[in-house]
Amino acid sequence: AKTAKIIAMYQLDMIGHAPDSKTVESHDTKDNKAAHELTDLLASVQRQYDIDLRVYGAHNEDLTNRSDHYPFFKNGIPAVLITEPY
């Protein structure tokens, strides 16, 4: 059987918890170029489709291991945690 290669991971956590929020934070760790690129891609898609949403790149190393994106990150797969304002 052929297996798919995972190239990136967006973890959406607690989305909808603050329904009036028009901001999402992309926690992409402090010094990880591949994860920063995922944040940039998300912001680019937001602009391309003119979505009423602010994408904030929160380079927050403290949240690196606090969600389901961490095992991907730990295994070298670019991964980010997307939350409403933390």
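Miscellaneous remarks
- Hits in region 1-13 - residues which are of a type in the set (D, E, K, R) and surrounded by 11 or more Cβ atoms within 10 Å (Cβ to Cβ): 13
- Consider region 57-80 and keep the residues that are more than 16 Å from residue 15 (Cβ to Cβ) and of a type in the set (Ser, Thr, Tyr). The one that is modelled with the lowest pLDDT is 64.
- Looking across region 59-80, the residues that are closer than 14 Å to residue 26 by Cβ and open to solvent by less than 70 Å² (accessible area, probe 1.4 Å) come down to 60, 63, 64, 67, 69, 73, 78, 79, 80.
- In region 38-56, the residue that is modelled with the lowest pLDDT out of those that are within 24 Å of residue 70 (Cβ to Cβ) and open to solvent by 90 Å² or more (accessible area, probe 1.4 Å) is 56.
- Within region 22-42, the set of residues being touching a Ser or Thr at 6+ places or on another chain (Cβ under 8 Å) and part of a helix (DSSP H, G or I) comprises 35, 38, 39, 42.
- Residue selected from region 14-37 under the condition buried (at least 18 other Cβ atoms within 10 Å of the Cβ) and among the acidic types (Asp, Glu), by the criterion nearest to residue 50 (Cα to Cα): 25
- Sub-8 Å Cβ pairs linking a first residue in region 41-61 that is in contact (Cβ under 8 Å) with a residue 12 or more places away in the chain to a second residue that is in a strand (DSSP E or B) and open to solvent by 80 Å² or more (accessible area, probe 1.4 Å), at least 6 apart or interchain, are 42/10, ordered by first then second residue.
The values are calculated or read from the model by the stated rules, or taken from the named source; none is laboratory data. For clarity, every value in this text was computed on a predicted model and none was experimentally measured. Cβ sites come from the backbone with ideal geometry, for glycine too, and all protein chains shown count toward neighbours. Keep in mind that these areas ignore ligands, DNA and RNA; they rest on the heavy atoms of the full protein, side chains included. Shrake-Rupley method; radii C 1.70, N 1.55, O 1.52, S 1.80 Å.
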